[in-house]
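To start, the structure under review is shown below, and the notes come after it.
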Amino acid sequence: IPRSELIEVTNRVCEVLKRVEADVNKSCGFHVHLDMRHVTDQQRDLIFSNLVSAQHTLFRMMPPSRKNGRSSGGTNYCAPNRAKQFDKNLNTRYKAINACAYSKYRTLEVRLHSGTVNYEKIIRFIQILEHVADTPDTIVRSATTIPGFAKQFNLPRSLTNYIEARVAKFSAAHSSDTRGSTTELE
């Protein structure tokens with residue numbers, strides 16, 4: 001969806017989902033594909049690296065099950081990326097930042113959001129990812145504080161407030177649950 005249509009289309013889709021009483025459970029994920037068709041390989045590599053740098057804070061915004069969860073078959077569908085280099089992440093699509101999507105769709109797929117049909121959560125997360133993707137410099141090491149993260153990725157106060165609220169919501173669950181057995185959703 002072009003950025004110009006994103007808000008309207010997302011709002012309409014969420015309204016339909018609400019009307020049909022769509023719901024999610026712990027097995028659901030919300031994935032975002034960032035269009036890479038019109039960027040150079042160097043720009044793609046920079047965006048990928050910055051997304052990997054941002055993943056620590058992004059995971060803190062989610063229930064622990066997104067980072068630590070396993071399917072019934074034992075697969076973790078959004079394990080944290082360890083390497084920041086695009087080429088070193090082509091072995092599996094089951095990473096928080098999926099580089100494998102590039103060869104098939106010319107996108108970078110961000111898989112780490114919990115399942116949701118909530119319009120605000122969808123739009124806010126996409127806006128955060130756009131800020132990370134639009135950062136012109138390589139973030140060698142992501143800030144460990146939310147204000148530092150917001151500064152690195154030039155986030156407006158509204159998105160910073162959103163991140164703070166999400167991190168606060170899951171803070172206790174992250175500190176007490178290292179295996180992802182939280183009952184919290186979204």
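The values are calculated or read from the model by the stated rules, or taken from the named source; none is laboratory data. If you're wondering where the values come from, they're calculated on a predicted model, not measured in any experiment. Note that we place each Cβ from the backbone using ideal geometry, even for glycine, and neighbour counts take in every protein chain shown. Note: accessible area is taken over every heavy atom of the protein model, side chains too, but ligands, DNA and RNA are not part of it. Shrake-Rupley method; radii C 1.70, N 1.55, O 1.52, S 1.80 Å.
Let's see how each residue does on (1) in a helix (DSSP H, G or I); (2) at pLDDT below 95:
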position: 132; (1), (2): yes, no
position: 142; (1), (2): no, yes
position: 151; (1), (2): yes, no
position: 155; (1), (2): no, no
position: 163; (1), (2): yes, no
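For the stretch 3-21, give me each residue that is acidic (Asp, Glu) and under 12 Å from residue 118 (Cα atoms). Outline the logic, then answer.
Residues of the stretch 3-21 that are acidic (Asp, Glu), as a first pass: 5, 8, 15, 21.
Those that are acidic (Asp, Glu) and under 12 Å from residue 118 (Cα atoms): 15, 21.
In the stretch 25-51, how many are in contact with a Lys or Arg (Cβ under 8 Å, 6 or more places away or on another chain) and open to solvent by less than 10 Å² (accessible area, probe 1.4 Å)?
Qualifying residue count for the region: 2.
Working only within the stretch 108-130, note down all residues that are under 12 Å from the mean Cα position of the chain (by Cα) and part of a helix (DSSP H, G or I).
121, 122, 123, 124, 125, 126, 127, 128, 129, 130
Conditions (1) of a type in the set (Phe, Trp, Tyr); (2) within 24 Å of residue 134 (Cβ to Cβ), marked per residue:
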residue	(1), (2)
24	no, no
32	no, yes
40	no, yes
48	yes, yes
51	no, yes
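Determine, yes or no, whether residue 121 is under 26 Å from residue 22 (Cβ atoms), crowded, with 17+ Cβ neighbours inside 10 Å, out of contact with any strand residue (DSSP E or B) (no Cβ under 7 Å at 6 or more places or on another chain) and among the charged types (D, E, K, R).
Numbers: under 26 Å from residue 22 (Cβ atoms): yes; crowded, with 17+ Cβ neighbours inside 10 Å: yes; out of contact with any strand residue (DSSP E or B) (no Cβ under 7 Å at 6 or more places or on another chain): yes; among the charged types (D, E, K, R): yes.
Taking the combined requirement at face value, the residue satisfies it.
Between 15, 109, 21, which is closer than 28 Å to residue 160 by Cβ, at pLDDT 95 or above and open to solvent by 70 Å² or more (accessible area, probe 1.4 Å)?
The conditions single out 15.
Would you confirm, using the coordinates I've provided, whether residue 133 is crowded, with 16+ Cβ neighbours inside 10 Å and in contact with an Asp or Glu (Cβ under 8 Å, 6 or more places away or on another chain)?
Numbers: crowded, with 16+ Cβ neighbours inside 10 Å: yes; in contact with an Asp or Glu (Cβ under 8 Å, 6 or more places away or on another chain): no.
Criteria not met by residue 133.
Given the criteria modelled with pLDDT of 95 or more and closer than 19 Å to residue 160 by Cβ, does residue 88 qualify?
no
Do you know which residues across the stretch 136-160 are more than 25 Å from residue 37 (Cβ to Cβ) and surrounded by fewer than 16 Cβ atoms within 10 Å (Cβ to Cβ)?
140, 141, 144, 145, 147, 148, 151, 156, 157, 158
Looking at the structure I just gave you, is residue 173 out of contact with any strand residue (DSSP E or B) (no Cβ under 9 Å at 6 or more places or on another chain), free of Cβ contacts under 8 Å to residues at least 60 places away in the same chain and in a helix (DSSP H, G or I)?
Spelling it out, it is not the case that residue 173 is out of contact with any strand residue (DSSP E or B) (no Cβ under 9 Å at 6 or more places or on another chain), free of Cβ contacts under 8 Å to residues at least 60 places away in the same chain and in a helix (DSSP H, G or I).
Is there a residue being out of contact with any Phe, Trp or Tyr (no Cβ under 6 Å at 6 or more places or on another chain) and closer than 27 Å to residue 170 by Cβ anywhere in the stretch 37-46?
If we filter the stretch 37-46 for residues that are out of contact with any Phe, Trp or Tyr (no Cβ under 6 Å at 6 or more places or on another chain), which is where we start, we get 37-44, 46.
Restricting the remaining residues to those that are closer than 27 Å to residue 170 by Cβ gives none.
No; the residues of the stretch 37-46 include none that is out of contact with any Phe, Trp or Tyr (no Cβ under 6 Å at 6 or more places or on another chain) and closer than 27 Å to residue 170 by Cβ.
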